[in-house]
Ligand SMILES: O=C(O)CCC(=O)C(=O)O
């Protein structure tokens, strides 16, 4: 599922970049939906869409996100099941992914910086294969030029030592990497990696879909039983708890599709 070069890159850096994995029509549609939903008040959002960033607990200038967008349109479900992204997610979760979040974030030039943070320490190499217990697939819907957007401390996912406290997201290489991407690119990173985001600089807003997956267990937010009719059976199954050693039908189907493609 992962090439030797990809395994090396992910193990070394804590992230991997997949180029041009989303069809342009879907990118356009997701931006249009983003514009519509981000202009709505919390009460106007079509259920079960919501925005935990607007609960009042966060800074008003935080880069706002809309949660559960996969229930809002099939384009986000296609992204959740994107074969190229899932190829990497399936490999890194040891074939037991559970989708725990699907959020569409909009950054303006006035949105706050996001300082370095990380979640969990669930990263390792087992029998020569990299494993990550908590993954984020960040799909950019717009071009993100150098100097703005995603940053990380490469290698920090190994957590052998904690990073110095004084590091800034504006520090340069070799300590801090800033990842420039094009619309349709996806950065998959382990949440164990220290990461953040520099202030947005462009005249157009930055749109990113963050699809988060875990390799074991589940999250209380998903699936949303009252609205399961809005998602496909495969997305619903992907939201079911992940159990080590128990492969979901959707994963079986995707592995079979890949095998057929390579026959
Ligand atoms: O905006 C970004 O690229 C980083 C977002 C982030 O730090 C997060 O989702 O935890």
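Rule-based calculations on the coordinates, nothing more; no lab input. In this text, all values refer to a predicted model and were calculated from it rather than measured experimentally. Virtual Cβ from ideal backbone geometry, glycine too; neighbours counted across all protein chains shown.
A helix-only calculation puts the chain at -7000 deg cm²/dmol for mean residue ellipticity at 222 nm, using -39500 (n - 2.57) for each DSSP H run of at least four residues, averaged over all residues.
The distance between label points at residue 202 and residue 84 comes to 1.7 nm (points 7 Å beyond Cα on the Cα→Cβ vector).
Between 43, 237, 202, the Gaussian network model of the chain with springs among Cα atoms under 10 angstrom shows the greatest mean-square fluctuation at 43. Based on the alpha-carbon gyration tensor of the stretch 106-227 and its eigenvalue square roots a ≥ b ≥ c, which shape applies: rounded if a/c is under 1.5, prolate if not and a/b is larger than b/c, or oblate? Oblate is the answer for the stretch 106-227, as a/c is 1.5 or above yet b/c matches or exceeds a/b.
Between residue 119 and residue 219, full extension at 0.36 nm per residue minus the direct alpha carbon distance yields a gain of 34.5 nm.
Annotation for residue 74 and residue 112: the two label points, set 7 Å from Cα along the Cα-Cβ direction, are 3.8 nm apart. Eigenvalues of the alpha-carbon gyration tensor of the stretch 4-261, scaled by 5 and square-rooted, set the equivalent ellipsoid semi-axes at 25, 25, 17 angstrom, largest first.
Global size of the stretch 1-143: 16.6, 50 Å for Rg and Dmax (C-alpha atoms, Rg to one decimal, Dmax whole). Each peptide in 9-17, 142-150, 225-233, 88-96 gets a packing score, the mean of other Cβ atoms within 10 Å over its residues, and the list from highest to lowest is 88-96, 9-17, 142-150, 225-233. Descending by average beta-carbon neighbour count within 10 Å, the peptides 214-220, 171-177 line up as 214-220, 171-177, the highest first.
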